[in-house]
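To start, the structure itself, in structure tokens.
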Amino acid sequence: MRTTTDPTKHLPTVLIVDDEPDMLNMLQLVVKKQCDCNIFLAQSGQDALQNLAEYNPDVVVTDIKMPDMDGLTLLKEIRALDDTISTIIMTGYGTIEMAVEAVKDGAYDFLEKPFNNDHIVRTIQHCLERTKLLRDNRNLHNRLCVCKLLPADFVGESPALKKTLDLIALVADTDATVLIRGNSGTGKEGAAKALHALSNRKHNKMITVNCPALPEQILESELFGYSKGAFTGATSNKKGLFEEANHSTILLDEIGDIPVSIQTKLLRVLQEKEIQPLGQNKSIKVDVRVVASTNQDLEAKIESGEFREDLYYRLNVIDITMPSLNEMQEDIPLLSYHFLDLFKKEYNRPDLQFSPDAVDYLYHRQWPGNVRELQNIIKRVILVTGGKIIDAAALKEVERKDTGKLNCSAMQQAVFSLPYNDAKAEATKHFSVAYISHILAQHKGNVTAAAQKSGMERQALQRIMRRYDIKSADFRNKD
């Protein structure tokens with residue numbers, strides 16, 4: 001039961017629980033008259049508990065004697081779900097022992113009926129203040145934890161970054177579905193990891209699904225699982241990733257690339273909280289928090305029929321947009337020095353320093369690849385610079401050679417100074433960037449044609465392009 005409220009006004013919320021309709025109506029009138037808040041009513045403890053996430057109350061006022069769930073049990077359930085909610089217990093059959101038990105279990109106050117209306121209003125007002133303080137403190141704590149949990153590329157003090165980190169801290173410890181938007185290199189996966197690490201699901205492993213990397217048939221079986229004999233090659237039962245993520249978080253990375261047929265099944269998971277493995281008639285209930293990420297314009301994909309509108313609204317409960325590096329330009333010097341210190345230690349180059357014109361160049365340069373591009377350029381210049389000073393000319397030279405035409409001797413000098421695994425990774429990256437850039441240039445940015453020429457699946461080529469921040473648009477209409 002919901003009272004009439006102004007949806008445009010953000011107000012605290014009071015939930016009143018009592019199995020007597022007259023008591024509910026009386027309390028609603030009294031509280032509404034003297035407290036500026038939204039009011040929800042529930043006629044049973046079970047009803048209140050089932051709708052607690054929707055009501056999101058700051059204060060719960062509950063009777064003890066109710067047929068399905070008594071007030072003390074409801075109190076314990078509320079405390080387990082959210083201990084910032086202030087709960088007031090009321091009863092017409094109070095005893096000292098009952099009052100002591102209620103306060104011991106976390107009740108803010110214990111009131112006997114009939115009570116003075118002014119007294120209960122004052123108590124509710126005190127509870128509203130208490131909950132606000134507790135939640136402000138929790139959000140501040142989460143904000144600090146976010147800074148510790150996010151990767152190094154979240155260093156910064158810009159308003160754009162702070163706004164995003166504040167939102168992550170605010171919604172992390174909820175079960176709300178989150179859609180993380182942002183261009184390549186802005187840290188979407190890091191944000192998803194922070195959401196999980198700050199949630200009550202953090203003790204279970206987060207499952208990450210790279211959606212474009214898997215062909216449609218394989219993606220469906222990976223997400224939802226299958227039974228033995230469901231298709232050729234299904235020699236045993238396989239648990240799907242949604243079932244693996246039960247009581248945890250699943251990240252659907254690059255959700256915009258999921259085929260429409262899979263979108264339909266994903267919508268059912270979000271609506272019904274259940275999956276149906278391939279080859280099974282029976283559904284399986286799952287308790288999974290879904291986080292999705294994308295660098296695409298989903299609204300445009302809806303218009304073109306490539307993305308379901310109903311799925312979009314199910315995913316977009318909370319929208320977190322990761323700022324581009326150009327939106328947090330004031331953080332570039334701080335990030336640059338951070339990466340310099342990081343890679344100086346990693347590659348044993350303790351004497352390296354930036355010249356003033358190097359930082360100025362980095363500050364004024366455009367960054368289509370965002371923080372990841374900045375990080376990679378600083379890493380590469382440290383690998384190839386022979387002296388102790390990194391100036392703007394050295395940075396420009398690294399960028400010029402990064403088109404896939406890096407001088408072999410310079411590359412060897414950089415790579416051969418590294419441990420084997422690091423050297424192998426660096427050499428693989430240079431080869432991959434050069435090869436993919438060449439094949440895309442040949443086909444004027446046509447990813448499908450480039451994939452066919454290289455003998456790869458289109459999704460596999462796209463995965464490599466994302467890994468090294470190669471954009472097909474950079475190769476279109478070029479001779």
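The values are calculated or read from the model by the stated rules, or taken from the named source; none is laboratory data. Because the structure is predicted, anything quoted here is derived from the model rather than measured. In this analysis, Cβ positions are derived from the backbone assuming ideal geometry, glycine residues included, and neighbour counts consider all displayed protein chains.
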Original post:
When you scan the stretch 195-209, how many residues do you find that are surrounded by 19 or more Cβ atoms within 10 Å (Cβ to Cβ) and at pLDDT below 90?
Top reply: 2
Original post:
Just to be sure, is Asp469 closer than 21 Å to Gly185 by Cβ, charged (D, E, K, R) and modelled with pLDDT of 75 or more?
Top reply: yes
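Output yes when any residue across the stretch 83-99 is touching a Leu at 6+ places or on another chain (Cβ under 9 Å) and assigned to a helix (DSSP H, G or I), and no when none is.
yes
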**OP:** Among the numbered conditions (1) under 20 Å from Val178 (Cα atoms); (2) outside any loop (DSSP other than H, G, I, E, B); (3) in contact with a strand residue (DSSP E or B) (Cβ under 7 Å, 6 or more places away or on another chain), tell me where Glu299 comes up short.
**Re:** (3)
**OP:** Filter the stretch 36-92 down to residues that are surrounded by fewer than 16 Cβ atoms within 10 Å (Cβ to Cβ) and small (Gly, Ala, Ser) and give me whichever is farthest from the chain's Cα centre (by Cα).
**Re:** Gly92
Subject >> Boolean, Ile64 is in contact with a Gly (Cβ under 6 Å, 6 or more places away or on another chain) and free of Cβ contacts under 8 Å to residues at least 40 places away in the same chain >> reply: yes
Subject >> Filter result for Ala176 (within 11 Å of the chain's Cα centre (by Cα), crowded, with 18+ Cβ neighbours inside 10 Å, modelled with pLDDT of 75 or more and more than 16 Å from Val371 (Cα to Cα)) >> reply: no
Original post:
In the stretch 433-448, what residues are over 34 Å from the mean Cα position of the chain (by Cα), assigned to a helix (DSSP H, G or I) and not polar (S, T, N, Q)?
Top reply: His438, Ile439, Ala441
**OP:** Go through Phe354, Phe343 for me and flag whichever is touching a strand residue (DSSP E or B) at 6+ places or on another chain (Cβ under 9 Å) and surrounded by 15 or more Cβ atoms within 10 Å (Cβ to Cβ).
**Re:** Phe354
Subject >> Filter result for Asp58 (acidic (Asp, Glu), within 19 Å of Ala176 (Cβ to Cβ) and at pLDDT 90 or above) >> reply: yes
**OP:** Kindly establish whether Thr95 is crowded, with 18+ Cβ neighbours inside 10 Å, among the hydroxyl-bearing types (Ser, Thr, Tyr) and at pLDDT below 85.
**Re:** no
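Rundown of residues vs (1) polar (S, T, N, Q); (2) in contact (Cβ under 8 Å) with a residue 40 or more places away in the chain; (3) in a helix (DSSP H, G or I), yes/no style:
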{"site": "Asn183", "(1), (2), (3)": "yes, yes, no"}
{"site": "Leu195", "(1), (2), (3)": "no, yes, yes"}
{"site": "Ser199", "(1), (2), (3)": "yes, yes, no"}
{"site": "Leu219", "(1), (2), (3)": "no, yes, yes"}
{"site": "Gln263", "(1), (2), (3)": "yes, yes, yes"}
{"site": "Arg268", "(1), (2), (3)": "no, no, yes"}
**OP:** Check the stretch 320-328 and report whether any residue there is in contact with a strand residue (DSSP E or B) (Cβ under 6 Å, 6 or more places away or on another chain) and modelled with pLDDT of 90 or more.
**Re:** yes
Original post:
Mind checking which pairs have a first residue in the stretch 230-255 that is within 21 Å of Ala197 (Cβ to Cβ) and without any contact (Cβ under 8 Å) to a residue 60 or more places away in the chain and a second that is basic (Lys, Arg) and exposed (fewer than 14 other Cβ atoms within 10 Å of the Cβ), Cβ under 7 Å, 6 or more apart or different chains?
Top reply: Ser248/Lys205
**OP:** Being surrounded by fewer than 16 Cβ atoms within 10 Å (Cβ to Cβ) and part of a helix (DSSP H, G or I) is the filter here, so list the residues in the stretch 449-463 that pass it.
**Re:** Ala449, Gln452, Lys453, Arg458
